[in-house]
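The values are calculated or read from the model by the stated rules, or taken from the named source; none is laboratory data. The structure displayed is predicted, hence computed values, not measured ones. Cβ placement follows ideal geometry from the backbone for every residue including glycine, while neighbour counts extend to all protein chains displayed. The protein model used for the area step is the full one, side chains on, heavy atoms only, and it has no ligands, DNA or RNA in it. Shrake-Rupley method; radii C 1.70, N 1.55, O 1.52, S 1.80 Å.
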Amino acid sequence: MANITVCVRFRPLISSEKRLHDESTRIQAFDTQSFAFKDEKEEDAIFCFDRVFYQDSEQVEVCDFLATPIIEGALNAINGTILIYGQTGAGKTYTMEGPSVLDEDQKKKGLLPRVVDGLFEGMKSFGEMTKWTVKLTMVEIYMDKIRDLFDASKDNIQIKENKCQGIFLSGATEMPIKNAMEALRCFHRGISNRAVGETQMNVASSRSHSLYIFSVQQESASDVRSKIGKVVLVDLAGSEKAEKTGAGGTVLEEAKSINKSLSALGNVINALTTGKVNHIPYRDSRLTRILQDALGGNSRTALLCCCSPSPTNASESLSTLRFGARHA
């Protein structure tokens, strides 16, 4: 069975939700792993996950639970993936980036800067006899095409595979990273190039899946062979219903593409967690194909489902929770 951790995070209520429903939420917390959520019929649906982060959760708590085991694995040549899933406006990007990847507020720092810090801190424990090379690739999957976020001219990157590299993106830019500050500048550059569209739910709603791929190579004086671990962080495009977002035209086509790849991801995770399926459908989408060697086998995977606790978004939150529960 795959090493998959499934968690939920509820963001705090926002002002528009408070205006409609005061401080009312749909959650009844039991403990750090289980809660009840009122469904559309006002009935309690009980959910259990590996960890539940409620509205007052801190960024560091989320990172410590989700990312620390994956960072440790990558430093020992074990691939890992962190997936952030949920409705548009549910707090995915805040969890991933914080207010901004360049924001210096230590309390609000998101997963990206914390993972970088963890990698470079972890390298120190191996001593001076170990040489490290860290490279960062940033791509987005937009309308089922893979685009390089460091080089706009590379807008249809192909996925390749060989014995030496495993799964790789042919021709994608690999930025060498020597320290955390270099990584933050690269994040900022790549994020600014993401495809962003406007919907009624969120004026800065991301219309693409964004992937941050760290290749961590280790060379030791006591071992002739080098070892490579991979960490992939995925900020998934918002799962959404067209009638809720007011989507039409191109935005509607974007939503169809997004939901198709999210469905393929769910099928792969389900196949991995049940262990009853001989064929894992990695090739059903570009997203799952890229993640193939960072999801299955000995890889470690963390899925974080981000939700609004408000009655305003109860239907979408319930859909997100059910997606996570299928794989918990």
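Checking each residue in the stretch 287-298 for being closer than 20 Å to Met138 by Cβ and outside any helix (DSSP H, G or I) picks out only Leu291. Residues that are surrounded by fewer than 15 Cβ atoms within 10 Å (Cβ to Cβ) and assigned to a loop (DSSP other than H, G, I, E, B) do not occur anywhere in the stretch 62-75. The residue pairs whose first member lies in the stretch 289-302 and is under 13 Å from Val268 (Cβ atoms), whose second member is part of a helix (DSSP H, G or I) and of a type in the set (D, E, K, R), and whose beta carbons are closer than 8 Å, counting only pairs six or more residues apart or on different chains, are Arg289/Arg283; Ser299/Asp293. Within the stretch 226-254, the set of residues being loosely packed, with under 15 Cβ neighbours inside 10 Å and modelled with pLDDT of 85 or more comprises just one member, Ser226.
Quick check on Phe150: is it in a helix (DSSP H, G or I) and either at pLDDT 95 or above or of a type in the set (Phe, Trp, Tyr) (or both)? In short, no. Applying the selection to the stretch 164-210, what residues are outside any strand (DSSP E or B), buried (at least 21 other Cβ atoms within 10 Å of the Cβ) and at pLDDT below 85? Within the stretch 164-210, Thr199, Ser205, Arg207 meet the criteria. Of the listed requirements (1) open to solvent by less than 30 Å² (accessible area, probe 1.4 Å); (2) closer than 17 Å to Ile141 by Cα; (3) in contact with a strand residue (DSSP E or B) (Cβ under 6 Å, 6 or more places away or on another chain), Leu265 misses just one: (3). Filter the stretch 122-140 down to residues that are over 23 Å from Ile258 (Cα atoms) and touching an Asp or Glu at 6+ places or on another chain (Cβ under 6 Å) and give me whichever is surrounded by the fewest Cβ atoms within 10 Å (Cβ to Cβ). Here the residue is Lys131. Only a single item in (1) on the phi < 0 side of the Ramachandran plot; (2) modelled with pLDDT under 95; (3) under 17 Å from the mean Cα position of the chain (by Cα) is not met by Gly86, and it is number (1). Screening Gly91 on (1) closer than 30 Å to Arg322 by Cβ; (2) at pLDDT 95 or above shows it passes everything except condition (2). Has the stretch 255-270 got any residue that is among the charged types (D, E, K, R), over 30 Å from Ile177 (Cα atoms) and at pLDDT below 85? Taking every residue of the stretch 255-270 in turn, at least one turns out to be among the charged types (D, E, K, R), over 30 Å from Ile177 (Cα atoms) and at pLDDT below 85. Exactly one residue out of Ser285, Ser315, Ser299, Ser308 is open to solvent by 30 Å² or more (accessible area, probe 1.4 Å), touching a helix residue (DSSP H, G or I) at 6+ places or on another chain (Cβ under 9 Å) and of a type in the set (Gly, Ala, Ser), and it is Ser315. Taking the condition under 20 Å from the mean Cα position of the chain (by Cα), of a type outside the set (Lys, Arg), modelled with pLDDT under 95 and part of a strand (DSSP E or B), does Glu161 pass? Answer is no for this residue.
With respect to Met143, determine if the residue is of a type in the set (A, V, I, L, M) and open to solvent by less than 40 Å² (accessible area, probe 1.4 Å). Walk me through it before giving the result.
Values: of a type in the set (A, V, I, L, M): yes; open to solvent by less than 40 Å² (accessible area, probe 1.4 Å): no.
Here the answer is no, as Met143 does not meet what is asked.
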